[in-house]
């Protein structure tokens with residue numbers, strides 16, 4: 001690890017919520033991919049979401065394959081929680097801060113009923129808030145906080 005990376009520890013990561021959040025995000029991206037051709041506000045929002053998803057996938061998704069393997073193994077075993085250590089670039093903080101307003105807009109759009117099936121359930125929203133906040137907090141040098149749920 002150097003000045004451009006930070007260690008992040010996700011204490012008591014809720015394995016089932018992690019899996020549901022991953023599936024929900026994948027479904028949302030698939031749904032919004034069809035809306036990118038719309039010339040109105042919905043199309044612009046879809047394009048922003050696709051840009052966030054593409055940046056996440058190309059720059060950050062495969063940084064810690066061993067950690068993902070640990071969570072997958074915990075999921076298969078039926079573990080409720082697991083503590084996972086990852087290393088991320090410091091730039092990941094800015095990616096989260098840039099992505100958050102888009103993700104909030106997408107969720108608000110879905111909650112208005114246009115894509116009701118993709119509205120984020122409250123437990124997943126709480127998970128995402130904790131998960132993303134842990135990266136931002138720890139990149140800033142703060143100690144890890146366990147999943148509060």
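Structure above, values below:
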read-out	value
Yes/no for residue 147 being surrounded by 15 or more Cβ atoms within 10 Å (Cβ to Cβ), out of contact with any strand residue (DSSP E or B) (no Cβ under 8 Å at 6 or more places or on another chain), at pLDDT 95 or above and under 15 Å from residue 12 (Cα atoms)	no
Checking residue 30 against (1) modelled with pLDDT under 85; (2) within 26 Å of residue 6 (Cβ to Cβ), the condition it does not meet	(2)
Residue match in segment 89-97 (condition: under 24 Å from residue 140 (Cβ atoms) and in contact with a strand residue (DSSP E or B) (Cβ under 7 Å, 6 or more places away or on another chain))	yes
Within segment 65-82, tally of residues that are out of contact with any helix residue (DSSP H, G or I) (no Cβ under 7 Å at 6 or more places or on another chain) and farther than 26 Å from residue 32 by Cβ	9
Unmet requirement for residue 54, which otherwise passes all of (1) in contact with a helix residue (DSSP H, G or I) (Cβ under 7 Å, 6 or more places away or on another chain); (2) assigned to a helix (DSSP H, G or I)	(1)
Residue match in segment 79-87 (condition: under 30 Å from residue 141 (Cβ atoms) and without any contact (Cβ under 8 Å) to a residue 60 or more places away in the chain)	no
All positions within segment 1-45 that are closer than 21 Å to residue 111 by Cα, without any contact (Cβ under 8 Å) to a residue 60 or more places away in the chain and either assigned to a helix (DSSP H, G or I) or touching a helix residue (DSSP H, G or I) at 6+ places or on another chain (Cβ under 6 Å) (or both)	22, 23, 25, 26, 29, 30, 33, 35, 36, 41, 43, 44
Top-ranked residue in segment 51-85 [being within 14 Å of the chain's Cα centre (by Cα) and crowded, with 16+ Cβ neighbours inside 10 Å; ranked as modelled with the highest pLDDT]	68
Search result, residues across segment 86-111 that are loosely packed, with under 15 Cβ neighbours inside 10 Å and in a helix (DSSP H, G or I)	91, 94, 97, 98, 101, 104, 108, 111
The listed residue being farther than 20 Å from residue 10 by Cβ and in contact (Cβ under 8 Å) with a residue 12 or more places away in the chain, out of 54, 48	48
Qualifying residue in segment 112-128 (condition: in contact (Cβ under 8 Å) with a residue 60 or more places away in the chain, in contact with a strand residue (DSSP E or B) (Cβ under 7 Å, 6 or more places away or on another chain), closer than 21 Å to residue 27 by Cβ and crowded, with 17+ Cβ neighbours inside 10 Å)	yes
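The values are calculated or read from the model by the stated rules, or taken from the named source; none is laboratory data. These numbers were taken from a predicted model, which means no experiment stands behind them. We place every Cβ from the backbone using ideal geometry, glycine too, and count neighbours over all the protein chains shown.
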